[in-house]
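What follows is a short report on a single structure.
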């Protein structure tokens, strides 16, 4: 009993530590003017939503938010598809160089994103995809972490499932869609969450690729707000809250699958 209580207390302390910055942003956004500089600090929100309403109604925030939704949504769909197919191929299909391809994918995971900026930009330039949604989506349509996760989950699927599907005349794609993917829900949820966070928080690539507010995502909007409202912390934190809420929402929908995905899931053993 004491051990379980200690575990719960530790979890509560860690959760509070991680949520403290978010709570502080909410306090500043809904507090009085100058609360960010108050000593001692103000810890109780005053629920003044005027700055939040101003940011939402007097700017092009809706456009930036829609751009991020389009970019993140399309990226998630493509990443799940490519990760599923590549992960299944690496886990279930025996072909020459199978292990070599897998280690090459692991090698790509170790490359810093900045090392790929120049070749990606040159490719997008020659494809005439600068300043377009496609240019913001296509370079991230495949994700090495997603491929790794799906491979690990698919390797845990009993081979009897695939053999039964083959005897029943089920095609490989149908088997993947109706059997393998539903059983790898933790991998799907984790890939969706990680891809969403990475895509939603993209700043450097959109900054290089775009010059029009019509397709710029929300992170670029935040940088514009930092210049426009340099000393007005209520507007800045209100804009940050708007950008943060979708991430918290997606995490709330997928968090119960994250531990299973990281631990490898409970899919049984190969037969």
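The numbers here are math on the coordinates, done by the rules we state, and not lab data. Since the model is a prediction, treat every value here as computed from it, not as a measurement. Here the Cβ is made from the backbone with ideal geometry for all residues, glycine too, and neighbour counts use every protein chain on show.
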* Paramagnetic reach from residue 95 (point 7 Å along Cα→Cβ, amide N under 17 Å) across the stretch 174-204 -> 174, 176
* To do: Enter the angle in degrees (range 0 to 90, nearest 10) between the Cα long axis of helix 233-263 and the first principal axis of the Cα atoms of the chain, meaning the one along which they spread out most.
  => 20 degrees
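Restricting to DSSP H runs of at least four residues, report the calculated mean residue ellipticity at 222 nm for the chain, -39500 (n - 2.57) per run over all residues, nearest 500 deg cm²/dmol.
On the way: 13 runs with 185 residues, N = 271.
Roughly -22000 deg cm²/dmol at 222 nm, from the helical runs in the chain.
Using only the Cα atoms, what convex hull volume per residue in Å³ does the stretch 58-202 have? Can you show the working numbers first?
Values: hull volume 20.6 nm³, N = 145.
Dividing the Cα hull volume of the stretch 58-202 by its residues yields 142 Å³.
Note the full-extension length gain between residue 9 and residue 207 as 0.36 nm times their separation in residues minus their Cα-Cα distance, in nm to one decimal. Walk me through the intermediate numbers first.
Details: separation 198, 0.36 × 198 = 71.28 nm, distance 4.27 nm.
Taking residue 9 through residue 207 to full extension adds about 67.0 nm, to one decimal.
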* Asked: Once the Cα atoms of helix 98-109 and of the chain are each reduced to a long axis, what angle between those two axes, in degrees from 0 to 90 to the nearest 10, is obtained?
  -> 10 degrees
* Asked: Using a Gaussian network for the chain with springs between C-alpha atoms less than 10 Å apart, which of these wobbles most: 205, 61, 43?
  -> 43
* Between residue 60 and residue 166, what is the label-to-label distance in nm when each label sits 7 Å out along the Cα-to-Cβ direction? -> 5.6 nm
* Full extension from residue 22 to residue 173: what is 0.36 nm times the residue separation minus their Cα-Cα distance, to one decimal in nm? -> 50.1 nm
* **Helix axis angle, 218-228 relative to the chain longest principal axis, alpha carbon, degrees** => 20 degrees
* What's the extension gain from residue 104 to residue 127 if we count 0.36 nm per residue and subtract their Cα-Cα distance? -> 5.7 nm
